[in-house]
Structure formats: structure tokens, C-alpha cells
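Undergrad: Below you will find the structure I want to go over with you.
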Amino acid sequence: MSPGIERIRQFFFPSLTRGFLLRVSVVAFSAYLFFGHLCIPIFIQGKSMEPTYRHGDFNFCWRLRYIFSNPKRNDIIMVRFTGTRVMLLKRVVALEGEWVEFRKGRLFVDGREIHEPYVRFPGDWNLSPRQVEKDCIYVVGDNRSTPIEDHHFGQTHLQRILGGPSW
Amino acid sequence: MVRAKYAIPGLLVILGLLAFYFFFPSEEKKIKKQFVLLSEYASKEQGESTFAMAHKVKNIGPLFTDKVRLQIPDYELSGSYPRQDIVNYALRARLSFSRLSLQFFDLVISFPEKKAATVTLTSRLTGKSAQGEEVDESRELSCVLKKIEDQWLFSDVEVIEVLKK
């Protein structure tokens with residue numbers, strides 16, 4: 001057998017040596033650590049963040065995004081439930097201590113209207129002013145065309161932030 | 001020959017462990033099984049027959065204790081309800097959907113008492129309403145299950161507010 005063919009054969013059908021098994025274990029463990037805990041693959045389901053993120057899009061949840069800092073206004077974050085199998089993708093609109101309200105679909109924070117160029121599907125929401133509690137942020141989806149009662153949004157604790165989308 | 005001498009007892013030990021695992025499940029496994037059953041009985045496929053629906057709804061009742069405390073503000077359920085009411089709610093909910101799937105994820109089980117377990121989990125309800133509207137809702141739940149006659153039964157179901165409007 002020529003050396004070229006032998007090399008190809010070795011590539012696809014390697015010998016089960018100790019070194020090979022060690023390399024496979026390291027790769028498998030690294031992949032588990034990276035894709036299971038640091039950069040979690042996600043499929044976006046639902047329309048609450050349209051048109052920024054569409055139903056069926058693929059992305060990654062980057063867990064280290066907020067390890068040294070807290071989210072800022074306009075950041076897109078992932079909010080966890082019990083674990084990491086299901087999470088909510090939302091945009092931060094108000095921070096701790098700020099007053100947030102909606103008037104006929106327009107967002108006001110501390111009484112000032114916030115320009116939201118990412119909202120392409122506006123609604124006519126009305127929500128009386130409420131203050132964001134300590135260690136919390138206020139998150140809303142970009143798609144405001146659904147009735148306010150059907151849209152899952154509001155204040156959440158910073159501990160529930162899992163990270164942010166990779167792009 | 002030497003290998004065969006050790007292989008057979010080794011195999012028997014593995015088979016014994018597997019048999020023990022399947023025939024004597026842990027309490028956690030028994031609790032997870034109750035969630036699997038609830039998911040199976042609550043879910044509905046498109047075009048489900050009346051017989052299948054009656055069979056599933058009938059099996060929902062025995063998963064709950066006689067009195068069940070519910071705290072589900074989205075559906076205006078708050079207080080203590082008899083088991084039959086739970087069955088009626090389940091039946092009504094199934095009728096209002098042409099397709100329904102209820103799934104449970106990330107179960108965290110703890111045992112505050114010997115015969116009581118607290119489970120926090122993520123539930124996801126997807127489906128299509130009878131009016132043709134797509135539904136996709138996720139909620140965090142806190143459930144209490146009580147062990148009655150060697151059966152873990154749901155006694156409390158509460159929705160935990162993750163986003164507070």
C-alpha cells in the first residue's frame with residue numbers, strides 16, 4: 001500500500017492506540033464543556049423578537065457575556081427558567097431604579113421617551129409607570145404587535161440572565 | 001480461558017445492576033415518571049379519537065391528590081381544587097386545542113420531608129388552538145408531590161414569576 005493511501009486509511013480508520021483514545025477524550029470533554037456550558041447552541045422559537053431574530057433562527061448563547069459587567073439598555077439577553085433547556089430572548093429596556101412605562105405603544109423610561117429603531121412592528125400598549133427593583137432589569141421583546149396581555153415581558157432578576165446571543 | 005473466567009461473572013454483575021436499576025427505581029426516578037405520564041396524558045395529537053381522549057383524561061385524575069392547590073395566575077386559578085376539577089380543567093383545555101404538547105424540562109427534585117418532594121422545573125406548552133392560533137408558552141413551575149400508598153401524587157402546582165410586568 002502506498003504511503004499516501006496508508007495515511008488516508010489511518011485518518012479515517014485510526015488505530016485504537018492509547019494516544020488516540022486520549023485525544024478523542026480531550027476533544028469530547030472540551031466540546032461538552034464549550035457547547036454544553038459556555039456557548040450553548042439554541043434554536044429561536046416564537047416571534048417576540050421579530051424582526052431582529054426570527055422564528056427558526058439558529059444562534060449560540062454566550063454565557064461569559066455578563067461575567068464582569070451587568071447588561072446595559074438595548075442589550076439582547078437570555079433569561080433562564082430552571083435550567084438551560086428553555087430560555088427567553090429579550091431586549092433590556094430599563095435598569096435598576098428606573099421607572100418604565102408604555103403610552104400608546106411608546107416606551108418611556110424615567111419619563112423620557114426612548115427611541116427604539118429596532119421596533120418594526122409597533123403596538124398600542126399602555127402600561128402604568130413602575131420602578132425596576134434592586135438587582136433587576138426590565139426586558140421586552142422587539143415585536144410589539146401582539147396584545148400586551150399575550151406578550152411575555154417584564155422585570156427579572158440579574159441572577160436569571162444566562163448570557164447573550166453570539167450575533 | 002482466563003478472560004472467559006472473569007467475563008461471565010462480570011457480565012452477571014452488570015446484568016444484576018441493570019435489573020436492580022430497572023426493578024427498584026429511585027424516588028427521583030418515580031417522580032420523573034409521574035411527570036412523563038402527566039405530559040403524555042395532557043398532550044393531544046391532531047385528529048385524536050374520542051376513545052383515546054377519554055382514556056387519557058381518565059388517567060390524569062389518579063396522578064393528583066384528592067385536593068390540589070393551584071397557583072396559576074395566567075389562567076385565573078388560585079386556591080384548593082378537588083381532583084375532579086383538575087380532570088375537568090384538563091378536559092376543557094384539551095377541547096380548546098386541536099394539537100397540544102406539554103413538556104417538562106430541567107427537573108430539580110428535593111425532599112423536604114420523607115413523604116413529600118418539591119420539584120422546580122420548566123414547562124413548555126405548544127400547540128394549535130381550535131381557532132387555528134399557534135401557542136407556545138414556557139413557565140417555571142414549583143410542584144409538591146406527596147407519597148400516598150407508594151405513589152407520588154401532585155398536590156401543589158405553582159407558577160413562578162420569571163418576568164414580572
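The values are calculated or read from the model by the stated rules, or taken from the named source; none is laboratory data. Just so it is clear, the model here is predicted, and its values are computed rather than measured. So basically every Cβ, Gly included, is an ideal-geometry build from the backbone, and we count neighbours across all protein chains shown. Remember, those area values only see protein heavy atoms, side chains included, never the ligands or the DNA or RNA. Shrake-Rupley method; radii C 1.70, N 1.55, O 1.52, S 1.80 Å.
Undergrad: If a residue counts only when it is within 30 Å of B:Leu121 (Cα to Cα) and within 12 Å of the chain's Cα centre (by Cα), which strands (runs of 3 or more DSSP E) contained entirely in segment A:42-129 have at least 3 such residues?
TA: Per the criteria, A:58-62, A:76-80, A:87-94.
Undergrad: If you go through segment A:82-113, how many residues are without any contact (Cβ under 8 Å) to a residue 40 or more places away in the chain and either in contact with a helix residue (DSSP H, G or I) (Cβ under 9 Å, 6 or more places away or on another chain) or over 17 Å from A:Ile148 (Cα atoms) (or both)?
TA: The total comes to 11.
Undergrad: Another question, if that's okay. With the requirement that a residue be at pLDDT 95 or above, open to solvent by 50 Å² or more (accessible area, probe 1.4 Å) and of a type in the set (Ser, Thr, Tyr), what does segment B:79-136 give you?
TA: B:Ser80, B:Ser110
Undergrad: Being hydrophobic (A, V, I, L, M, F, W, C) and open to solvent by 20 Å² or more (accessible area, probe 1.4 Å) is the filter here, so list the residues in segment A:87-121 that pass it.
TA: Of everything in segment A:87-121, those that are hydrophobic (A, V, I, L, M, F, W, C) and open to solvent by 20 Å² or more (accessible area, probe 1.4 Å) turn out to be A:Met87, A:Leu88, A:Leu89, A:Leu95, A:Trp99, A:Ile114, A:Val119, A:Phe121.
Undergrad: Continuing with this model, one more query. Filter segment B:37-58 down to the residues that are of a type in the set (Val, Ile, Thr) and touching a residue at least 24 places away in the same chain (Cβ under 8 Å) and list them by number.
TA: Result: B:Val57, single match.
Undergrad: When residues of segment A:113-143 are filtered for being within 14 Å of chain B (Cβ to nearest Cβ) and either of a type in the set (Lys, Arg) or more than 20 Å from A:Gln45 (Cβ to Cβ) (or both), how many remain?
TA: 14
Undergrad: Continuing with this model, one more query. Quick one: is B:Lys5 without any contact (Cβ under 8 Å) to a residue 40 or more places away in the chain, of a type in the set (Lys, Arg), farther than 28 Å from B:Leu107 by Cα and part of a helix (DSSP H, G or I)?
TA: yes
Undergrad: Which of the residues belonging to segment A:55-79 are within 14 Å of another protein chain (Cβ to nearest Cβ) and open to solvent by 70 Å² or more (accessible area, probe 1.4 Å)?
TA: A:His55 - this is the single residue of segment A:55-79 that is within 14 Å of another protein chain (Cβ to nearest Cβ) and open to solvent by 70 Å² or more (accessible area, probe 1.4 Å).
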